[in-house]
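Asker: Quick one: structure below, then a few questions.
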Amino acid sequence: MKKILLLRPEEKFEELNIDFAEVINFPLIRLVEDDFSLDDIKFDTIVFTSSFAYISFKKRLGESIKEVLNGKRIIAIGDKTSSVIDFKSIVPERQSWRGIVELIEKGENVLIVRSRDGNKKLPEELRRKGAVVKTLDIYHSEVIDRDFEILCKMFNSKEIDAIIFSSGMIVNTFFKLFDKYCINRRILPKIIVSIGEETSIILKNNNINFIELEKPDILYAIKKICGKI
C-alpha cells in the first residue's frame, strides 16, 4: 500500500474514505480570516478563487448573501470551488486565473473574492482587458514552521512514496522549509504530482520533475498514483 503525503491546510482538508492507500496530511500553512466590509455591491460578476473564499464569504454574510449574489454572474476558479457554492456558478475550461480572464468581457464590473496572498496577475490582466475590477481580500495564509524534521526523517527512510502539491503557495512553502531542515533534495520521493496550472509552474521554477494531471482533483490524483485509473 502506497503512503502518500498531502500538504493541505487543515481548513481545506477532507477525510478520504479509501482503503488502497495511506494518506498523511501535513499542513504547512493555516488559513486566517480577515475582517472586511462589502460596501459596494454594484458588480456584474463575482469570482471566487478558492473554496475557502466562498465558505468564509458565506459565513460572514449569512442570509444576506442571497441579496448580494442575486442576479450576479458567479465564476468559480475550479470544480472543487464550484461544488461548495450554493448558487449556479461557471467554471472556466482552464481551471486557473488564465481561464477566468478568458470569461470576462471588456467593461464588465468584477468583484474578486480571494486570499490576501492571492495571485496578483488575475486583477492585473482583467484591468488590462478593460474590465472594472475590485478585489475583496477576506483571508490570508500563515506558515506553520513546526516539526518539519519529521518529514525529513520520513523522506530519508523512504517511508513516503509520493507527494501531491495542490497550490503554488504550498510548493513555495514546502521547499523553503525543506531546504532549511532537510537540505538534500535527493531524498524526495520519485513520484511528485501537481494539481493545477499554477502549481505546475511553481514546481518547474523549483526544477522539480512531476506528473501533471488532466483533472485537478485530490482523489483522482491518489487513484492515479495507485494505478486505480
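Asker: Examine the range 66-75 for a residue that is surrounded by 15 or more Cβ atoms within 10 Å (Cβ to Cβ) and either within 18 Å of Pro216 (Cα to Cα) or in contact (Cβ under 8 Å) with a residue 60 or more places away in the chain (or both), and state whether such a residue exists.
Answerer: yes
Asker: Any residue in the range 116-129 that's part of a helix (DSSP H, G or I): show its pairings with residues that are of a type in the set (Ser, Thr, Tyr) at Cβ separation under 7 Å, as long as the two are six or more apart or on different chains.
Answerer: Partner pairs satisfying both residue conditions: Pro123/Thr135.
Asker: Under 23 Å from Ile195 (Cα atoms), within 23 Å of the chain's Cα centre (by Cα) and assigned by TED's automatic domain parsing to the domain that holds Ile104: does that describe Ile46?
Answerer: Values: under 23 Å from Ile195 (Cα atoms): no; within 23 Å of the chain's Cα centre (by Cα): yes; assigned by TED's automatic domain parsing to the domain that holds Ile104: yes.
So Ile46 fails the test.
Asker: Might you check whether a residue that is surrounded by 15 or more Cβ atoms within 10 Å (Cβ to Cβ) and among the acidic types (Asp, Glu) occurs anywhere in the range 101-115?
Answerer: Yes; the residues of the range 101-115 include at least one that is surrounded by 15 or more Cβ atoms within 10 Å (Cβ to Cβ) and among the acidic types (Asp, Glu).
Asker: Then there's this: Condition check: touching an Asp or Glu at 6+ places or on another chain (Cβ under 6 Å), surrounded by 15 or more Cβ atoms within 10 Å (Cβ to Cβ), of a type outside the set (Gly, Ala, Ser) and in contact (Cβ under 8 Å) with a residue 40 or more places away in the chain. Does Pro9 satisfy that?
Answerer: Details: touching an Asp or Glu at 6+ places or on another chain (Cβ under 6 Å): no; surrounded by 15 or more Cβ atoms within 10 Å (Cβ to Cβ): yes; of a type outside the set (Gly, Ala, Ser): yes; in contact (Cβ under 8 Å) with a residue 40 or more places away in the chain: yes.
Against the criterion (touching an Asp or Glu at 6+ places or on another chain (Cβ under 6 Å), surrounded by 15 or more Cβ atoms within 10 Å (Cβ to Cβ), of a type outside the set (Gly, Ala, Ser) and in contact (Cβ under 8 Å) with a residue 40 or more places away in the chain), Pro9 does not qualify.
Asker: Of the residues Ile104, Ile85, Ile90, Ile18, only one is outside the structural domain of Asn172 (by TED's automatic domain parsing) and either under 17 Å from Thr135 (Cα atoms) or touching a residue at least 60 places away in the same chain (Cβ under 8 Å) (or both); which? I'd like the intermediate steps shown before the answer.
Answerer: Details: Ile85 fails: either under 17 Å from Thr135 (Cα atoms) or touching a residue at least 60 places away in the same chain (Cβ under 8 Å) (or both); Ile90 fails: either under 17 Å from Thr135 (Cα atoms) or touching a residue at least 60 places away in the same chain (Cβ under 8 Å) (or both); Ile18 fails: outside the structural domain of Asn172 (by TED's automatic domain parsing).
None of the others qualify; the one that does is Ile104.
Asker: Give the residues of the range 13-30 that are over 15 Å from Ile144 (Cα atoms) and buried (at least 17 other Cβ atoms within 10 Å of the Cβ), sorted by residue number.
Answerer: Ala21, Val23
Asker: Okay, moving on. So if I check each of Val171, Val133, Val193, which one is free of Cβ contacts under 8 Å to residues at least 60 places away in the same chain, closer than 29 Å to Tyr54 by Cβ and touching a Pro at 6+ places or on another chain (Cβ under 9 Å)? Write out each step before concluding.
Answerer: On the way: Val171 fails: touching a Pro at 6+ places or on another chain (Cβ under 9 Å); Val193 fails: touching a Pro at 6+ places or on another chain (Cβ under 9 Å).
Being free of Cβ contacts under 8 Å to residues at least 60 places away in the same chain, closer than 29 Å to Tyr54 by Cβ and touching a Pro at 6+ places or on another chain (Cβ under 9 Å) holds for just one of Val171, Val133, Val193, which is Val133.
The values are calculated or read from the model by the stated rules, or taken from the named source; none is laboratory data. Worth saying up front: this structure is predicted, and the values here are computed from it rather than measured. Heads up, the Cβs are rebuilt from the backbone with ideal geometry, glycines too, and the neighbour counts pull from every protein chain shown.
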